[in-house]
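Following: one structure in C-alpha cells, then a few remarks.
Values quoted throughout were computed directly from the atomic coordinates according to the rules given, and no laboratory measurement underlies them. If you're wondering where the values come from, they're calculated on a predicted model, not measured in any experiment. We place every Cβ from the backbone using ideal geometry, glycine too, and count neighbours over all the protein chains shown.
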Amino acid sequence: MDTIFALATAQGKAGVAVIRVSGPDAITVGNKLTGNKLPGRGMTFSTLRDAQGETLDSGIVLSFSAPDSFTGENIVEFQVHGSTAVVSALLDELQRSDLARLAEPGEFTRRALENGKLDLTQVEGLADLIDAETEAQRKQAQVILSGALGQRAEVWRQDLIRAASLIEVTIDFADEEVPVDVTPEVHALLSSVLADLEREAAGVGIAERIRHGFEVAIVGSPNVGKSTLLNALAGRKAAITSEFAGTTRDVIEVRMDLAGLPVTLLDTAGLRQTDDHVEGIGIELARERARTADIRVFLVEADENLDVPFMAGDIRLLPKADLREDSDTAISGVSGQGIDSLISHLSSTLKNRSIHDGIATRARHRETLNRACESLSSAIDVLGRGPDLYELAAEDMRSAIRSLELLVGRIDVENLLDEIFSSFCLGK
C-alpha cells in the first residue's frame, strides 16, 4: 500500500496539531524530517526540517511499528504547534517528499479494517463516537467501538457452526446408524441464537433514536403559546412569536441535550381549518411530524380534541398558565411555570425508553439480523420435518452464518465501505 498522511486534528489555529503518517515508508518519512533514526516504538522530541535543512517546527514524534498500531502498519505522528502556517509547511513538505500521498477520507480507519485491527461494527462505532454530541451517544458509541457486537456475533456464529456440523455429520453418515440423536442439541442451539438475534433486532429502533435523536412535538391550536414554550425550553429565541394566530407555517426544529439524551423539539403549525393554502401545507406537515414523533406535548383546553392521536407517554397540558387561575396542570413559556416539571417528565420517559436499546445500532444491523432470523426460523421448521430434509436445514444455517459474517464485515462489504468512510475526516 501507499504511505499516506493527513492532519488528524481539526483545521484552524490550536495549541497543538497532530499530523499522522501511515504505511511502509512512514518511519523513513519520520527519519527524514527529524534527521534521526526513530525507534520502532517510542516517543522523541525533535526539530523538524525540510529537505534544504530549514527548520519547520519542533515537537513530539511518536512512532509505532507494524502490526502494533491503529492501522496495523508503521505509523508516525507529529505533534507540533497548531498554527496554520506550521501545519501547511509540514503538509507541503510531506507532499514534496514523494514518499507519501494525502489520505482519502477515512483511509486510516479503512486500513485498520483491512488489516484486522477493527471489524465493520467497530468502524461504525468509531464514526458514531466522532459524531457524538451527548453522553448517551458517547456511551453507545463506546460500546460498539469496544467490539461488543462483533464479540456477540462471533459467539452466535460458533453456535451455528456447531449446529451445522452436527447436522452435516448426520447427512454424511445417512446410510449408517448414528449412535446419538443430535436433533435436540441442534434445535436448542438454533432456538437460543434465534432468540438473541430477535432481541437485538428489536432494540435497534431505540438505539437509532439515541444515535439520531428523539423527537418531541409541541402540538396545539393556533396562538396557544407553542413557539413561546419552544423558546423557553431551548433557552433562546428559536421561533417567531406574535399575538396573531398562524404565525408558524413550517416545523421549527431545535436540537438540545436533555439529561444526556439527544432530543429535537418540534414547534408545529397551529391545528385549525384554514383557507390559506400555505398555512394548510404547514398544518398537514404538523400533523405528519406529530404522528411520527416519539412524544407529543399537547397544549389544549380540558375539553379540546385535536386530529392527532394521543399515545402512551404523551403529555397533555393547559396552555398559558400565566393568564389563568386553574394553573395546576398548565404551563407557560412566558412565566416559566411548569417548565421544570415538563423537562423532568420528558427526561424520565425517554430514559426509560432508552433502557431497552441493544448493542446493534443501525438499520444495516437490523436488516442483517433479520435475514439471519429468517434463515434460522426456516432451519428450525425444516429440522422438524425429519432427516430427509436435513440438507436444506444445513443450508439455512450456512445462510445465517453468512449474515453474521456480513454484519462484522468479513464478506461482501465492498459496496458498503465507500458510503461508510465518506463521513470520516481525512485524518481518521
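Build a GNM of the chain with springs between Cα atoms under 10 Å apart, and of ASP57, ASP181, ASP322 the one that fluctuates most is ASP181.
Taking amide H atoms as placed 1.01 Å from N in the peptide plane, the amide H of LEU38 lies under 5 Å from those of ASN31, each 5 or more residues away in sequence or on another chain. Pairs of Lys residues in the chain are counted when their Cα atoms are under 16 angstrom apart and they lie 8 or more places apart or on different chains; the count is 4.
With θ taken as phi - 60° and the Karplus curve 6.51 cos²θ - 1.76 cosθ + 1.60 applied, the whole-hertz 3J(HN,Hα) list for segment 379-393 is 4, 5, 5, 5, 4, x, 8, x, x, 4, 10, 4, 5, 5, 5 Hz, x standing for glycine and proline. Springs between Cα atoms under 10 Å define the GNM used for the chain, and in it the highest mean-square fluctuation of GLY106, GLY150, GLY82 occurs at GLY82. Ranked by how many other Cβ atoms sit within 10 Å of their own Cβ, fewest first, the residues THR71, THR109, THR134, THR55 fall in the order THR55, THR134, THR109, THR71.
For the chain, the antiparallel share of DSSP beta bridges with both residues in that region comes to about 65%.
Taking PRO39, PRO319, PRO184 as the candidate residues, the one with maximal mean-square fluctuation in a Gaussian network model of the chain, Cα springs under 10 Å, is PRO184.
For the chain, the Kirkwood estimate of the hydrodynamic radius, built from every pair of different alpha carbons, is 26.1 Å. Where in the chain lies the longest segment free of GluC sites (Glu not before Pro) that are both loop residues by DSSP (not H, G, I, E, B) and have at most 15 other Cβ atoms within 10 Å? Formally, the longest exposed-site-free interval is 326-428. Residues THR349, THR121 in ascending order of nearby Cβ atoms (within 10 Å, fewest first): THR349, THR121. Taking amide H positions as modeled 1.01 Å from N, with prolines and chain starts lacking one, the residues under 5 Å from LEU56 and 5 or more places away or on another chain are LEU48, ARG49, ASP50.
Working note: Karplus 6.51/-1.76/1.60 with θ = phi - 60° gives segment 203-215 the couplings x, 5, x, 5, 4, 5, 5, 5, 5, 9, x, 6, 10 Hz, where Gly and Pro are set to x. Given R₀ = 56 Å, FRET efficiency for VAL334-THR84 by Cβ-Cβ distance, to 0.05? Computed FRET efficiency for VAL334 and THR84: 0.75.
Only DSSP H runs of four or more residues enter the estimate; each adds -39500 (n - 2.57), and after division by the residues of the chain the mean residue ellipticity at 222 nm equals -14500 deg cm²/dmol.
For segment 302-316, the Karplus equation 6.51 cos²θ - 1.76 cosθ + 1.60, evaluated at θ = phi - 60°, returns couplings of 4, 9, 9, 10, 10, 7, 9, x, 8, 10, 4, x, 5, 10, 10 Hz by residue, with Gly and Pro reported as x.
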